[in-house]
Amino acid sequence: MRQTLAIFLDAYRELNSRKLFWIVLAISVAVILALALPSINDRGVVVFGQTLEIPFLTTKSVSPVAFYKFLFSWFGINLWLAWGATILALISTAGMIPEMVSSGAIELVLSKPISRVRLFLTKFAAGLMFVALQAAVFGVGAILVIGLRGGSWDASPLMAVPLMVLFFSYLFSVCALVGMLTRSTLLSLLATVLVWLGTWGIATAEQFLLDQRLRHERETQRLDTQLETFRTTLSTIEAQIDELRSQGAAESEALTPDDTASQPTVQEPVPADPSPPTRRGPGGGGRRNRPSLVEAGRALLKQLDGADGLSSLERNRASIQNQVRRLEEQIPEARERADGSIRWHQRIFVVAAVLPKTGETKRLFQRFVLDKSDVDGFMKILMEETGDEDVGAVEQELDNRSLVWVIGTSLAFEFVILGAATWIFIRRDF
Amino acid sequence: MTTLNAQPVGATQASGRFAGDWVIDLANVEKVYAGRFRRGNVHALRGIDMRVHRGSVFGLLGPNGAGKSTLVKILMTVIRPTRCEGLFLGAPVGDKANLKRVGYLPEHHRFPEYLTAAQVLDYFGALSDVPRADRRRRGGELLDLVGLNNWADKKVKEFSKGMRQRLGIANALTSDPDLVVLDEPTDGVDPVGRRDIRAVLARLRDEGRTVFLNSHLLSELEMICDRVAILVQGVVSSQGTIDELTRDSRRYEIDVTSDSTGTPQATAALLAASLASVARFEQPPSPAVQSPGGPHGLSLRGTLGHQAQGVANTTPISIEPGAMGSSAATIKVASDDARMIQPIIDALRASSATIRAIRPVRSSLEDLFMQAVTDPTTGLALAPGAASTNKREAGNAARAGLATGREAAR
């Protein structure tokens, strides 16, 4: 315990001696203050007394508390802590392992009554302190802002500490391994950033393909239901036609001449006939024309009621049959597209599965801090505003992935990398 | 400098954990660095046997690349030995818990630059599992001991080389160790600092601690070491007390001037003639032959022929005349027994020669060292560095051997 504390104290002193640590802390505070500035009303977001009208970001879509929680998840965690601060943290701590194993320094610690495994893992854990302290400051800031500005006191933003430490530890394990292999700060930093960008790229691609897959799946689903409704409509129309036919057979004996004579007139004169008289007649002219209009209407009704109804039904049937044919052609294509996107998504999913879930880990903050109803309500508004029914589907899918999946697979990755680094450290002669 | 407030001598001895009185009792220590990419293995240590007595100051010396630091690093678990038998503080080498009782000053050590001197002692003390109160108390005392008391709160990055070395020695003592291992402690330290460090080492020994020194500064070791081992190309070429190692080289030297004509030959001949009653010399000088060589080529060698106190005598004696034009010469008698030279003095006194000085001489550590690192067959210094078994070279040699064999067959 004494030795562990000493290593942590030393790591703290090292951080303390670096300006970058304090710079990052200052930026963190600035970010917190900046996120405390805007407020939300029923028309949009208010900054410095000016209202920015954002249709999907009003008190109708989110409560003030949820608004600040959204701000802290998007800008605070996603942009600042998980990108900016993490890069600066890596720059600050990438030298830690190469420094420790450099000749002249390593002899001093290896000759102490502490096993190499413990020494290495403690040093690694001490390297996470940078991010832990930054995230703690950030979490407390978020609690204060949400409490003071949003009016709800909630300790959940402190989840930023374990989540950011986890997130950073995935990257730092790569940093430690490369640092152990090359003993070079620069190389380990470079390799870590590459791995990070790589996982980010893969994760982005995975989400893109997931989006495609979900859209295609919904598309086929939509087409299927469409086909289904068309078919049921078709069968009802056919039933109606049959019914009319049997009725019509009886009536047609009496109405045959009228029926055949009126048929061509139905298509054009119906809309054209009644309008010219009304236009032509200035003043009270309309009154004189009224009897003829009533007659025309009666004729129309009569036509529709009888054989004209049948023909329109038949035309409807034809168009629906066309639609059905079109759908029957489209559905296999859509299904093929969906299958293709499923295949592609599965492939990249396998790759993504073994890599650390950096993005999804930082997303967990949102999951812990925001209420599900807030997110759903917001997504609904967003869906209405954008008119895209599939917006938020990926987010929903991501939020449905289990903690064991997100953190477990990432920790498995970290375990392997860190295990390799520890193994090298144990075996090496310095 | 004040006294080091350490536990009394009895405390260490009472612990009695060692097998016998040996702090270090090693056998067959080997270290082979595996070559990478088809390069040959480097056999850095080739079977070291070494014993260090408790409470002694032990010096390990050897040329650069002999394996001194490798051996020390194996003891300190910095390097894993290929093979290692025996005990280190009563436990096998590699036992971490034992390192609590060892203080270590690595060669070219680098302390974290952002720590102050006091923080360095505190940090590494804590790593040695020293309780906080003890670290506080000892920290001040140790900085006092090495003369850095005014620098306790200064950052290490402001320190000079000599001050870093002093701090390193203080650091090696934070855990109140039974054994202190110092790798080149006087490296980069000025003469005043060296004297201070020697005083610290003497105090440590007086406190009952064992000091293991690793150095190539022979005069330093000679001044302070009880026992030394000379390491050459990965093996111990000799070890023992300095007295034991230099016993064979002890001799008496008698400086004389004769009233000869001034050529070295004449001087040597005249002295040989004066000593004819007590010694027999090979190759009596012939004045007619003018040897072109310098005075050293003109020395005469022989054995004492007299019987001192009834003892048959084969002690070697030589006459080494001075430079041309000088009538001086030195007579060397390879014995540390003063009785042996009495007849020679008598004979010289009876002749016309003048005795200018008689002195007992013994080899310095440097002579021993030079002797150890010189190839006896060629007389040249042994190649620095440990022996390497280069696979490719061996392969080439084998192929070359085959080729010559084939040629021979034709």
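What follows draws every value from the coordinates through simple rules; no lab data is involved. From a predicted model like this one, the values you see are computed outputs, not experimental measurements. Here the Cβ positions follow ideal geometry from the backbone for every residue, glycine too, while neighbour counts run over all protein chains shown.
A few remarks follow.
- Between A:L5 and A:R326, residue separation times 0.36 nm minus the direct Cα-Cα distance comes to 108.3 nm.
- Placing dummy labels 7 Å off each Cα toward the beta-carbon, the span from A:R222 to A:S402 is 3.3 nm.
- Label zone at A:E385 (point 7 Å along Cα-to-Cβ), backbone N below 11 Å, the stretch A:24-53: A:43-45, A:53
- Each principal axis of the stretch A:335-430 carries a Cα extent, and these read 65, 39, 19 Å when sorted largest first.
- Estimated FRET transfer efficiency (A:N316, A:W200; beta-carbon r; R0 56 Å; 0.05): 0.60
- Remark: C-alpha extents of the stretch A:378-430 on the principal axes read 64, 20, 14 Å, sorted largest to smallest.
- Taking the Kirkwood radius as Rh and the Cα radius of gyration as Rg, the stretch B:32-155 has a ratio of Rg/Rh equal to 1.03.
- Which of A:M383, B:M50 has the fewest Cβ neighbours within 10 Å, and the rest in rising order: A:M383, B:M50
- Excluding same-chain neighbours fewer than eight residues apart, the aspartates and glutamates reachable from B:K96 by a Cα-Cα span under 18 Å are A:E107, A:D429, B:D25, B:E85, B:D129, B:D176, B:D178.
- Dipole of the stretch B:147-286, positive direction: furthest Cα of B:I169, B:V232, B:P191, with charges on the beta-carbon: B:I169
- Label positions at B:H108 and B:D346, each projected 7 Å from the Cα along the C-beta direction, are separated by 6.3 nm.
- For B:Y252, net neighbour charge (Lys/Arg +1, Asp/Glu -1) across residues whose Cβ lies under 10 Å away: +1
- Whole-angstrom gap from the stretch B:209-230 to the stretch B:102-175, using each part's C-alpha centre: 23
- Taken over the C-alpha atoms, the stretch A:134-185 has Rg and Dmax values of 16.3, 51 angstrom.
- With contacts taken as Cα pairs under 8 Å and at least 6 residues apart, the stretch A:1-98 reaches a relative contact order of 24 percent.
- Translational diffusion coefficient (Stokes-Einstein; Kirkwood radius from C-alpha pairs) of chain A at 10 °C, 1.306 mPa s, in µm²/s: 57
- Mean residue ellipticity at 222 nm, helices only, chain A: -25500 deg cm²/dmol; runs of at least 4 DSSP H residues each add -39,500 (n - 2.57), and the sum is divided by the number of residues.
- Dividing the mean sequence gap of close Cα pairs (under 8 Å, 6+ apart) by how many residues chain A holds gives a relative contact order of 24 percent.
- At R0 = 60 Å, FRET efficiency that the Cβ-Cβ distance of A:V46 and B:D134 yields, to 0.05: 0.45
- Ratio Rg/Rh [Cα only; Rh per Kirkwood] for the stretch B:136-288: 1.27
- Dipole check for the stretch A:312-430: with +1 at the C-beta of Lys and Arg, -1 at the C-beta of Asp and Glu, and the Cα centre as origin, the magnitude is about 520 Debye.
- Rounded to whole Å, sorted largest first: equivalent-ellipsoid semi-axes of the stretch B:186-231, Cα gyration tensor: 16, 15, 8
- One quarter of the convex hull surface built on the alpha carbon atoms of the stretch B:19-73 amounts to 4.6 nm², the projected area averaged over directions.
- Lys-Lys pairs in chain A that are eight or more residues apart or on separate chains and whose Cα atoms lie under 21 Å of each other come to 10.
- Taken about its Cα centre, the stretch B:78-205 carries a charge dipole of roughly 100 debye when the Cβ of each Lys and Arg holds +1 and the Cβ of each Asp and Glu holds -1.
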